[in-house]
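Scroll down for the structure; my scribbles are underneath it.
The values are calculated or read from the model by the stated rules, or taken from the named source; none is laboratory data. Note that this is a predicted model, so its numbers are computed, not measured. Neighbour counts run over all protein chains shown; Cβ positions are idealised from the backbone, glycine included. Heavy atoms of the whole protein, side chains included, go into the accessibility calculation; ligands, DNA and RNA do not. Shrake-Rupley method; radii C 1.70, N 1.55, O 1.52, S 1.80 Å.
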Amino acid sequence: MRFGRSRRIAMTAMAAVTALTLAGCGGLDASGPSASGGSLAEAGNLEGVNYIVGGKNFDEQLVLCEITVAALESVGGNVTPRCNLGGTDVARQALLSGDINIYWDYTGTAWASFFKETQRIPDDNELYRLVSERDLQENQLVWLDKANFNNTYAFAVNGEKAQQENLNTLSDMAAYINAGKPGKVCVETEYNSRDDGLRGLQQTYGFQVGGDRLDVLATGAIYQATTDGDCMFGLVFTTDGRIPGLGLKVLDDDKKYHVTYNAAPIVREETYNQNQAIRQVMAPIAAALDYQTMLSLNGKVSSEGQDARTVARDWLTEKGFTG
């Protein structure tokens, strides 16, 4: 996935983290006044605990990182921001090595990329239980409560075209292709090569994309190409902020083929044990981050060009989480 369904863990990540550390940067440092207390302060006081908050290098992760920075500041934590570290491999290695001690990642990423599991777990609560228990046992990492949005693979269609063709689900997409109607199917390289990508999708929904109608594009290029009609069906990620801005219609995965990718903050156990109230502090935030909320926050950054730090802090204030 653009944020980490890659399987390149190991040496490149370690080298990147080392380089960041040696360079003394390690990500994007935010500036400006610290967040003040709001309703999160009633959940706990994290005064005296040092948090180095990391994050990956795409818009949703920038927002989640900045939300965490402001939330922990508001309850007295000593916070060092390290947002925008890099891809999944870099962020994960930074957490494992202790260069950071908290960041958000996704249940599906942990299951498929970190633990190399191929069994499909359709129940998102069961998947969360499996990855959180395993990460604690094997890596001494504590998963806090997961958010209520699922940033997984999906296919989208130009909104007007979807209405014309009455396309609402992946079963509709399969029927369209099987009927021999025109239009390209556009996917990214990784999805095209993975067993749990296009191949499995075709088996599950009973269709076959011929080579003459399959385009493999860079992830970011698919969104505009789908809006423009160059792609009839384009692979997207469900909470990407460009979806509403470009008027795309996301098709429902009615057979629940794709693995769920619920986001949750992950904390090093040694940090978590310094004050376990961090779970209560972050829980209301996770509960409030549903699909529409995350899509809206991402859209402000991706489509409107707003600063992720401002978007995060404005949302926390609007919700009363911070003052």
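Restricting attention to the range 150-173, which residues are part of a loop (DSSP other than H, G, I, E, B) and not aliphatic (A, V, I, L, M)?
Here is the first cut: in the range 150-173, the ones part of a loop (DSSP other than H, G, I, E, B) are 151-152, 166-168.
N151, T152, N166, N168 - these are the residues of the range 150-173 that are part of a loop (DSSP other than H, G, I, E, B) and not aliphatic (A, V, I, L, M).
Residues in the range 93-130 that are touching a strand residue (DSSP E or B) at 6+ places or on another chain (Cβ under 8 Å), aliphatic (A, V, I, L, M) and closer than 22 Å to V63 by Cβ: A94, L95, I100, I102. When restricted to residues that are surrounded by 23 or more Cβ atoms within 10 Å (Cβ to Cβ), in contact with a Phe, Trp or Tyr (Cβ under 8 Å, 6 or more places away or on another chain) and either more than 21 Å from G320 (Cα to Cα) or among the charged types (D, E, K, R) (or both), the range 59-81 contains 2.
Looking only at the range 181-214, how many residues end up being part of a helix (DSSP H, G or I) and aliphatic (A, V, I, L, M)?
The first filter runs over the range 181-214 and keeps only residues part of a helix (DSSP H, G or I), leaving 189-193, 195-205, 211-213.
Remaining after also requiring aliphatic (A, V, I, L, M): 198, 201.
Of the residues in the range 181-214, 2 are part of a helix (DSSP H, G or I) and aliphatic (A, V, I, L, M).
Do we find that L214 is surrounded by 18 or more Cβ atoms within 10 Å (Cβ to Cβ), more than 20 Å from E160 (Cα to Cα) and among the hydrophobic types (A, V, I, L, M, F, W, C) in this structure? When the stated conditions are applied, L214 does not pass them. Among all positions in the range 145-153, there is at least one residue which is at pLDDT 95 or above, under 30 Å from A287 (Cα atoms) and surrounded by fewer than 20 Cβ atoms within 10 Å (Cβ to Cβ). The residue of the range 242-282 that is least open to solvent (accessible area, probe 1.4 Å), among those that are out of contact with any Leu (no Cβ under 7 Å at 6 or more places or on another chain) and among the small types (G, A, S), is G247. Counting residues in the range 223-232 that are aliphatic (A, V, I, L, M) and either under 30 Å from G48 (Cβ atoms) or open to solvent by 10 Å² or more (accessible area, probe 1.4 Å) (or both) gives one or more.
Scan the range 41-58 residue by residue and report those that are within 22 Å of N298 (Cβ to Cβ) and either hydroxyl-bearing (S, T, Y) or open to solvent by less than 10 Å² (accessible area, probe 1.4 Å) (or both). It would help to see each step written out before you state the result.
As a first pass, look at the range 41-58 and keep what is within 22 Å of N298 (Cβ to Cβ): 53-58.
Those that are within 22 Å of N298 (Cβ to Cβ) and either hydroxyl-bearing (S, T, Y) or open to solvent by less than 10 Å² (accessible area, probe 1.4 Å) (or both): V53, G54, G55, K56.
Here V157 meets the list (1) surrounded by fewer than 22 Cβ atoms within 10 Å (Cβ to Cβ); (2) within 25 Å of G220 (Cβ to Cβ); (3) in contact with a strand residue (DSSP E or B) (Cβ under 9 Å, 6 or more places away or on another chain) almost entirely, failing just condition (1).
Going by the conditions given, is G299 outside any helix (DSSP H, G or I) and open to solvent by less than 60 Å² (accessible area, probe 1.4 Å)? Against the criterion (outside any helix (DSSP H, G or I) and open to solvent by less than 60 Å² (accessible area, probe 1.4 Å)), G299 does not qualify.
Residue pairs, Cβ under 8 Å, 6 or more apart or interchain, first in the range 117-139 and over 14 Å from A264 (Cβ atoms), second modelled with pLDDT under 95 and open to solvent by 50 Å² or more (accessible area, probe 1.4 Å). List them. Listed pairs, sorted by first residue: T118/D195; T118/D196; R120/D196; P122/K256.
Does E190 meet the test of being out of contact with any His (no Cβ under 7 Å at 6 or more places or on another chain), open to solvent by 40 Å² or more (accessible area, probe 1.4 Å) and modelled with pLDDT under 95?
On the way: out of contact with any His (no Cβ under 7 Å at 6 or more places or on another chain): yes; open to solvent by 40 Å² or more (accessible area, probe 1.4 Å): yes; modelled with pLDDT under 95: yes.
When the stated conditions are applied, E190 passes them.
Whenever a residue of the range 204-228 is free of Cβ contacts under 8 Å to residues at least 60 places away in the same chain, its partners that are of a type in the set (V, I, T) and open to solvent by 30 Å² or more (accessible area, probe 1.4 Å), lying with C-beta atoms within less than 9 angstrom and at least six residues away or across chains, give the pairs V216/T189; L217/T189; A218/T189.
Is it the case that some residue within the range 66-84 is at pLDDT 90 or above, among the hydrophobic types (A, V, I, L, M, F, W, C), outside any strand (DSSP E or B) and farther than 28 Å from S303 by Cα? The answer is yes; a qualifying residue exists.
Give the range 215-229 a look and list any residue that's β-branched (V, I, T) and part of a helix (DSSP H, G or I), or say none. Walk me through how you get there before you give the answer.
Step one: of the range 215-229, the residues β-branched (V, I, T) are 216, 219, 222, 226-227.
Passing the criteria: T219, I222, T226, T227.
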